[in-house]
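**Student:** Would you mind keeping the following structure in view while I ask a few things?
The values are calculated or read from the model by the stated rules, or taken from the named source; none is laboratory data. Remember, predicted model here, so these are calculated numbers, not experimental data. FYI the Cβ positions are ideal-geometry reconstructions off the backbone, even for glycines, and counts take in every protein chain you see. Please note that ligands, DNA and RNA were not included when accessible areas were found on the heavy atoms of the full protein model with its side chains. Shrake-Rupley method; radii C 1.70, N 1.55, O 1.52, S 1.80 Å.
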Amino acid sequence: MPRAGGVAGAELRRLLFPLVEPWRTALGPIEARYVLMVRAVFAGAEGWGECVAMNEPTYSPEYTDGAVDVLRRHLLPRVLATAPTTA
């Protein structure tokens, strides 16, 4: 079990949010967007973070599936592997 400050686990969630007004771009209007939420679980606490990447790499090179891949394959394994443990 991790001591205070160590990450015990993490969870990724994709949520679909309708926009109050469509966001109009040269590619057409966007009426809803997926938001990637990251939940980090600690001993006795938890925290949430949001990834602001869009669904596709059209406006910028970052996109949701790419962020999920980096989190699952690179960042989360490293964070969870270095979590301090009790002796």
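**Student:** So Leu71 passes all but one of these: (1) touching a strand residue (DSSP E or B) at 6+ places or on another chain (Cβ under 9 Å); (2) open to solvent by 70 Å² or more (accessible area, probe 1.4 Å). Which condition number does it fail?
**Tutor:** (2)
**Student:** Please enumerate the residues belonging to the range 1-22 that are touching a Lys or Arg at 6+ places or on another chain (Cβ under 8 Å) and either of a type in the set (D, E, K, R) or surrounded by 11 or more Cβ atoms within 10 Å (Cβ to Cβ) (or both).
**Tutor:** Ala10, Glu11, Leu12, Arg13, Leu19
**Student:** I want to confirm something. Restricting to the range 11-62 and keeping residues that are β-branched (Val, Ile, Thr) and more than 21 Å from Val79 (Cα to Cα), which single residue is nearest to the chain's Cα centre (by Cα)?
**Tutor:** Once the filter is applied, the top-ranked residue is Val35.
**Student:** Continuing with the same structure: Right, Val70: β-branched (Val, Ile, Thr) and modelled with pLDDT under 90 or not?
**Tutor:** Considered against the rule, which asks whether it is β-branched (Val, Ile, Thr) and modelled with pLDDT under 90, Val70 comes out as no.
**Student:** Okay, moving on. Has the range 44-54 got at least one residue that is more than 26 Å from Gly6 (Cα to Cα), surrounded by 11 or more Cβ atoms within 10 Å (Cβ to Cβ) and not aromatic (Phe, Trp, Tyr)?
**Tutor:** yes
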